[in-house]
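Before any comments, here is the structure.
Each reported figure results from applying straightforward, stated rules to the coordinates on display, with no laboratory input. Keep in mind it's a predicted model, so treat the numbers as computed, not measured. A quick note on method: Cβ atoms are made from the backbone with ideal geometry, for glycine too, and the neighbour counts reach across all protein chains shown.
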Amino acid sequence: MMESTFLSYLPYCVAGFPLLGFVINTLVALLWAKNQKPGSEALVKLVGCLFPILAFILSLICFSILRNSPEGMVISPPALFRWIDTALLTVDFRFMIDPLTATMMLVVTGVGSLIHIYATGYMHGDQGFARFYAYLNLFLFFMLLLIMGNNLLVLFVGWEGVGLCSYLLIGFWFTDEEKAKCGKKAFIVNRIGDFGFLLGIFLVMHTFLSQSQSSDLNFLDYSFIAQHKDLFLSEATLIALCFFAGAAGKSAQIPLYVWLPDAMAGPTPVSALIHAATMVTAGIFMIARLYFLYELAPVALQVVAIIGLLTALMAASIALTQTDIKKVLAYSTVSQLGYMFLALGVGAPQAAIFHVVTHAFFKACLFLCAGSVIYALHHQQDIRHMGGLFKKIPVTSLAFLVSTIAIAGIPPLAGFFSKDEILFHTFTHAPRIFYIVGFLVSGLTSFYMFRLFTLVFLGKYRGHLEPHYLPLAMDAPIAILAVLALVGGFIGVPEVLGGTNRISHWLAFLSTEIHGEEVAHHGTELILMGISSAWALITAFMAFSLYLKNPEWTKTLKEKCQQLYNLVSRKYYVDEIYDGIFVRPLVWLSHKFFWKGMDEAIIDGVMVHGFADISLVASRIISRFQSGFLGHYVVFFVLGLIGIMFYLAVG
């Protein structure tokens, strides 16, 4: 452990800066709302961008301290306060920074800061400019809370916080009913997964309280769970699957992936932030953080790998047919997340986090480039009305090309190294069919991304309005991310290529994998590298050739395979199936039973109006006895007296 006066507050400042930015910009937004008109954007830009940058600088300091410390060192500052203190459970609000946390901090604050800077140009002039930056800063705060907390409850607060912020940001333009619905969809689908996450926490508590004799009640701390992991042997599979349900919701895996493509309804900087650096990586981070439990549950790991693989294949096939530039990238994100879960499932959490890092670089760049294209083309998102933009917006075009090559897995760009490591581990540690499907998906990725690049930037311009100028604030972050996509993979050059795979060694503590086994497979790894690189180049060339010569060549194919094309382009009718099985029955139940039956008939009809009517009738009947004639009262008195005497005589 490393504790000092300086470090006591440093980790809390990392998260505190974005929170302070949220408070200031919220006050500015409220002031603008009170005045019923937006003011100067200068203060909002300064606050909104400065505090994330300061958080990034402090994250670099934390990373440097860990990097120069003995192996196994952890920055563990004192608890900020005691959150829960009962006879059964103690929880401190406390942070912890180890190599996994430090890596994620750099990604979240670094890429997040670039997206904040980009948004100064993209959102310029928007009525909700201050509110937008308040939400962005709050989003960053909760994501940092999620990755820096030293126990499951602090993680869960951040987990729920990013879910709330995703709702606010996806539905940012809430006056548009469709965009508001997309925000609600993201919120509701994530709550389904979060229910599983909560069950996992409850099972951890139940298992400890029923099996442990320890007097230490900080049993939700990661370090405590890791030290006593043998207690969870009997429940490890169930606990791991519950946590995976939460991860599947947050990181958009089958069957809870449906919210993420609809998240494109938000402003493009939001898409970049959610899809690249923050929310969707939360599930990957959580499983990597608890990997010591997953190693006790091989069945759960197999489920993680299978779901990840199926998600990668399904999303990649859907991306082939999409015509909205952001929807293609959205399904690409779902597919790449599937790759990360595949890595976790085959026992390679280091490779999963490596791909998280490289994916943050090239996917953030791709989304920001897409935002620039949309901005330049007067909010046009249909790729059928684009083309020929390479000369018109050269910085964006070149950056998009670099990131496309990176995500395709073509050497020596970032995606090649991380994706190759996942495929290599899949080949050596999983059934062969897993590798075959993963290999197929890598080719599909290369094809649909070069299809997208060719239709948007090459050939003739098919739009109607002339593209306009892009501000420097939008070009600069894109250029930086493109450079990172170009060189970022060199942090994980494998030993077979003469490197040391620094990120794998940096995160070696995540699993008990024996690295010496890899040496025996160097020949296999080289062959797999060559095959996957050739496959990516072939599919890229196919897409380039087909769509450059004739962007409409697929019309004939659509006519011949109409049913198959409709199946894929309609996203396998998953939304329609969910609507028929879950949404409509619940709406009917809510309308007919809970509203018309319970609310109107019983609560309003019986409890409210019924009792009121009974009281009214009863009062009218009783009022007739209040006649005001003395003789009537004497009769009632005598009848009452007779009744009492009769009761006493019978009794």
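List the lysines whose alpha-carbon lies under 26 Å from that of residue 37, not counting same-chain residues fewer than 8 positions away?
Qualifying lysines at Cα under 26 Å: 45, 179.
Given 5 Å bins starting at zero, what is the percent of C-alpha pairs of region 245-393 in each, up to the one with the largest pair distance?
2, 10, 20, 22, 18, 12, 8, 5, 3, 1, 0, 0
Based on the Cβ-Cβ distance from residue 512 to residue 227, what FRET efficiency comes out when R0 is 25 Å, to the nearest 0.05?
0.95
What nm distance separates the two modelled labels at residue 80 and residue 612, each placed 7 Å from Cα along Cα→Cβ?
Result: 4.9 nm between the two label points.
Can you tell me which aspartates and glutamates have their Cα less than 17 Å from the Cα of residue 592? Leave out same-chain residues fewer than eight positions away.
600, 604
Tell me, what is the FRET efficiency for residue 302 and residue 576 to the nearest 0.05, using R0 = 25 angstrom and their Cβ-Cβ distance as r? Let's see the in-between values first.
Values: r = 30 Å, r/R0 = 1.21.
It comes to 0.25.
For region 79-187, state which GluC sites (Glu not before Pro) are in a DSSP loop and have at most 16 other beta carbons lying within 10 Å of their beta carbon.
Those that pass, being in a loop and sparsely packed, number zero.
May I ask you to derive the FRET efficiency for residue 561 and residue 440 from their Cβ-Cβ distance with R0 = 22 Å, giving the value to the nearest 0.05?
0.75
Going highest first, how would you order 600-611, 566-577, 42-53 by mean Cβ packing within 10 Å?
42-53, 566-577, 600-611
Less than 20 Å apart at the alpha-carbon level, and either on another chain or at least 8 residues along: which aspartates and glutamates does that give for residue 34?
List returned: 126.
Relative to the present Cα-Cα distance, how much length would full extension add between residue 206 and residue 69 at 0.36 nm per residue of separation?
Full extension of this stretch gives 45.6 nm more.
Please list, in order, the residues from region 537-564 whose amide nitrogen is less than 17 Å from a point placed 7 Å along the Cα→Cβ vector of residue 460.
Under cut-off, by backbone N: 547-554.
For region 179-220 and region 16-76, compute the distance between their C-alpha centroids and round to whole Å.
Between the Cα centres of region 179-220 and region 16-76 lies a distance of 28 Å.
Between region 371-446 and region 236-314, what is the C-alpha centre distance in whole Å?
20
Please say if region 348-446 is rounded, prolate or oblate, where rounded means a/c under 1.5 for a ≥ b ≥ c the square roots of the C-alpha gyration tensor eigenvalues, and otherwise the choice is prolate for a/b larger than b/c and oblate otherwise?
prolate
So, by mean Cβ neighbours within 10 angstrom, what's the order for 118-130, 397-409 with the highest one leading? Could the numbers behind the result be given before it?
Values: 118-130: 20.3, 397-409: 25.8.
Per-residue Cβ counts within 10 Å, averaged per peptide and sorted highest first, yield 397-409, 118-130.
Under a point spin-label approximation (7 Å from Cα along Cα-to-Cβ), what is the residue 164-residue 569 distance to one decimal in nm?
Distance between label points: 4.2 nm.
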